[in-house]
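Student: Take a look at this one; I'll ask things after.
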């Protein structure tokens, strides 16, 4: 396992994320399969992973409890714990911190984060007094390093990064978001302030582990023995400000592959980087519908559906996964996708030739 110096310690380049541990069934809020999860933790420890990331809310608040029990067999100085305070989960940050120490069965947290800073929560964290409290805990030795995880826009991220000298920050960075979201600009905010980066979602929640057949073919032609996830991890290795790359590994096969990938510093070459960007563009164009928001489709819709807004969410679903469908609840539209009667009037007027009724029927099934 390759490592990278961080202040006076060395951190494994691969970090163990504890948000997607194996569970007993696929149903929501199912308890962690502790036998299988312990096997993954033991493999991680045996192969040099020393950074373990969790949070107060992961696995219906079971993740911290499990991790505290799983790590009891190992010397405390042999690994580094990272966990997070979510102001939305509980505004009583003092009580939460004490509870987290008890859950994790430790008297200090190595890497402590404000969880999911965004346009809604950033000022709440600042105004609540929690940052000053956690800085005091750092002074007392109960927190070693203080940082934050961000899903904020660039403006909010910049404001929060400038609050004081943070020890580190966690960002969602992968080659797809580098091209089609603001990951590149967000990364630069941290580079400009010399804040070490912990990467989350390097494979975009698994979405980059399976592209469209044509996009996959571009990459497989060059490296038929590489998995698509390997391309994603090796792309992240190109970024010099990155300290640790997190992976939420839920099977032994996944962690074995990832450990092998982080046995050396092999990153993508410039030529391979160009290929992965080409594959990303092809993947995006092949899975998304080319709506230009001309709204010609809306005038004749008897169900009064805001079709472009619905298609925008549909495109997010195609690239981001099923969680994006939650945004359908906030679409400003009198009619919903479920109200479509498949009359075809919208498709007649669509300059892009999009089969809108077929998409609405697909969404009907997905929203059940």
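The values are calculated or read from the model by the stated rules, or taken from the named source; none is laboratory data. This one's a predicted model, so the numbers in the text were calculated from it and none came from an experiment. Ideal geometry is used to build each Cβ from the backbone, glycine not excepted, and the neighbour counts take in all protein chains shown.
Student: Determine which member of the set 331, 289, 259 is over 30 Å from residue 46 (Cα atoms) and in contact (Cβ under 8 Å) with a residue 60 or more places away in the chain.
Tutor: The conditions single out 289.
Student: Taking the criterion of being out of contact with any strand residue (DSSP E or B) (no Cβ under 7 Å at 6 or more places or on another chain), in a helix (DSSP H, G or I) and outside the structural domain of residue 320 (by TED's automatic domain parsing), would at least one residue in the range 240-250 satisfy it?
Tutor: Within the range 240-250, none of the residues are out of contact with any strand residue (DSSP E or B) (no Cβ under 7 Å at 6 or more places or on another chain), in a helix (DSSP H, G or I) and outside the structural domain of residue 320 (by TED's automatic domain parsing).
Student: Something else about it: So, in the range 293-315, how many residues would count as being closer than 30 Å to residue 209 by Cβ, at pLDDT below 90 and more than 22 Å from the chain's Cα centre (by Cα)?
Tutor: Qualifying residue count for the region: 0.
Student: For the range 264-292, name all the residues that are surrounded by 14 or more Cβ atoms within 10 Å (Cβ to Cβ), more than 22 Å from the chain's Cα centre (by Cα) and assigned to a loop (DSSP other than H, G, I, E, B).
Tutor: Residues satisfying the conditions are 289, 291.
Student: Same structure, new question: Just need a number here: residues in the range 11-33 that are touching a helix residue (DSSP H, G or I) at 6+ places or on another chain (Cβ under 6 Å), free of Cβ contacts under 8 Å to residues at least 60 places away in the same chain and surrounded by fewer than 20 Cβ atoms within 10 Å (Cβ to Cβ).
Tutor: Number of matching residues: 1.
Student: Looking only at the range 336-355, how many residues end up being in contact with a helix residue (DSSP H, G or I) (Cβ under 7 Å, 6 or more places away or on another chain), assigned to a helix (DSSP H, G or I) and more than 11 Å from residue 296 (Cβ to Cβ)?
Tutor: Looking only at that region, the number is 2.
Student: If I filter the range 76-95 down to residues being within 17 Å of residue 53 (Cα to Cα) and over 22 Å from the mean Cα position of the chain (by Cα), which single residue comes out as surrounded by the most Cβ atoms within 10 Å (Cβ to Cβ)?
Tutor: Taking the candidates together, the pick is 79.
Student: Taking the condition surrounded by 15 or more Cβ atoms within 10 Å (Cβ to Cβ) and either assigned to a loop (DSSP other than H, G, I, E, B) or out of contact with any helix residue (DSSP H, G or I) (no Cβ under 9 Å at 6 or more places or on another chain) (or both), does residue 302 pass?
Tutor: No.
Student: Would you mind stating whether residue 94 is without any contact (Cβ under 8 Å) to a residue 12 or more places away in the chain and either assigned by TED's automatic domain parsing to the domain that holds residue 186 or outside any helix (DSSP H, G or I) (or both)?
Tutor: no
Student: Hey, another quick one. Applying the selection to the range 249-260, what residues are within 13 Å of residue 49 (Cα to Cα) and either at pLDDT below 95 or surrounded by 22 or more Cβ atoms within 10 Å (Cβ to Cβ) (or both)?
Tutor: Once the filter is applied, which keeps residues that are within 13 Å of residue 49 (Cα to Cα) and either at pLDDT below 95 or surrounded by 22 or more Cβ atoms within 10 Å (Cβ to Cβ) (or both), the range 249-260 yields 249, 258.
Student: Within the range 338-356, does at least one residue satisfy the condition of being touching a strand residue (DSSP E or B) at 6+ places or on another chain (Cβ under 6 Å) and surrounded by 13 or more Cβ atoms within 10 Å (Cβ to Cβ)?
Tutor: no
Student: So the check is Cβ under 6 Å with 6+ separation or different chains; which pairs have a first residue in the range 179-200 that's more than 15 Å from residue 149 (Cβ to Cβ) and a second one that's assigned to a helix (DSSP H, G or I)?
Tutor: Here the result reads 179/280; 182/154; 184/178; 185/154; 193/161, each pair linking the range 179-200 to a residue that is assigned to a helix (DSSP H, G or I).
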